[in-house]
Amino acid sequence: MKRRKQRPENIIRHHVDWARVSFYQKKMKRGPDFIARSRSFTIDGMTGPRCTSTRMPLGIRTLGLRGCPDTDRLLETVGHGIVIENKENCVLLRNISPVSVYVKSCQIDSTPIRIPAAHEVDLFFYDEFSRSIAERNTLADLWQLREHCTLFISFGLCWGSSTVQVESVDGLPCWLKLDLQHCWRELNVAVEQAHSQAASLKNEDCDSGSLSDSTELKVF
C-alpha cells in the first residue's frame, strides 16, 4: 500500500539562516559566504563599510587583488545593487542598481531572466516548491528538484542564451550563487522519508519472498 508523504512544517521556510550567498570571480570563490538571518538584505558593489547582517558589499571582496580589471569595472556600475526579501510565500528581488540584473531560477525559467533597473520580481514560490515535492513519487524525481534550491545572479551580463557568447555563469567576470537553505532542508526531509519508505517496502518484499527492482540513488 502506498504511504502518504508527510509535508515538512512551514517553519523550515523561515529558519534563522534562510539563505547563503557566495561571490565568485569566474570559477574562483572570493570571501566567506554571506548568511541571511534577517527577512531582507542588500548586495551592493561598494567597498565599505564592511559586511553587516543586512548588507553584503562586493567591492570589499576584490580589494588588493591584482588582475581583476573586468570585475572592478563591473562592480563600479553596480551601485546600490539589489535587495533580496524573504516574503511569506516567495523570495523577491528588487533591483536598485542602475544596471540590469540577470537571474536564473529553475522554478521560473530554464534560462536567465532580465530584471531592469527599478524593477522587482518574485523569483521563487514556496508553496509551488512544496507541491512539487509532494508530486514526486521516487527518489530520482525528488533529486531533480535540487536545481530549484539554488539561484544564480549576475549584474549587467547575461549567460546561457543564444544571444550571448558566454555559455556558463562561471564564464562571467563575477557572479553570485544564492542557496535557499530552507528549501534544501525541506528537500532533504522528503528524500530521507522517501529513502526510508523505499527501504521499508524492500524489506516487506524480501519477507514475502519477492524482491522488486531498485535503483541506487544519492541521498544528501
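Values in this text are rule-based calculations from the coordinates and carry no lab data. Note that the coordinates shown come from a computational prediction; the quantities given were computed from them, not determined experimentally. Don't worry about glycine lacking a Cβ; one is built from the backbone with ideal geometry, like all the others, and counts go over all protein chains shown.
Can you check what the net charge comes to around residue 25, using other residues whose Cβ is under 11 Å from the Cβ of residue 25 (Lys, Arg +1; Asp, Glu -1)? If you can, show how the numbers build up before the last one.
Details: positive: 26, 27, 29, 30, 61; negative: 70, 72, 170.
Net charge in that neighbourhood comes out at +2.
Any idea how far apart residue 70 and residue 110 come out in nm if each label point goes 7 Å out from Cα toward Cβ?
2.7
Collect residues whose amide H, placed 1.01 Å from N in the peptide plane, falls under 5 Å from the amide H of residue 30; neighbours closer than 5 in sequence don't count.
It is 23, 24, 25, by chain and number.
Taking the Cα centre of segment 96-168 as the origin, how large is its charge dipole in debye, to the nearest 20, when only Lys and Arg (+1) and Asp and Glu (-1) carry charge on their Cβ atoms? Can you show the working numbers first?
Numbers: 5 positive and 9 negative charges, 32 e Å.
Roughly 160 debye for segment 96-168.
Sketch the reach of a paramagnetic label on residue 88 as a point 7 Å from Cα along Cα-to-Cβ, and name the residues of segment 116-131 whose backbone nitrogen lies under 14 Å away.
126-127
Please list, ordered by chain and number, the residues whose modelled amide H lies under 5 Å from the amide H of residue 119; skip anything fewer than 5 residues away on the same chain.
Counting only residues 5 or more places away or on other chains, the set is 95.
Under 5 Å between amide hydrogens, which residues at least 5 positions from residue 90 or on another chain qualify, with H placed 1.01 Å from N in the peptide plane?
Hits under the 5 Å cutoff: 126.
Can you check how the C-alpha radius of gyration of segment 88-210 compares to 2.2 N^0.38 Å, as a plain ratio?
Compared with the compact-globule rule of thumb, segment 88-210 sits at 1.37.
Under the definition of Cα pairs under 8 Å and six or more residues apart, what whole-number percent is the relative contact order of segment 16-208? Spell out each step's value before the answer.
Working: 368 pairs, mean separation 41.4, N = 193.
It comes to 21 percent, rounded to a whole number.
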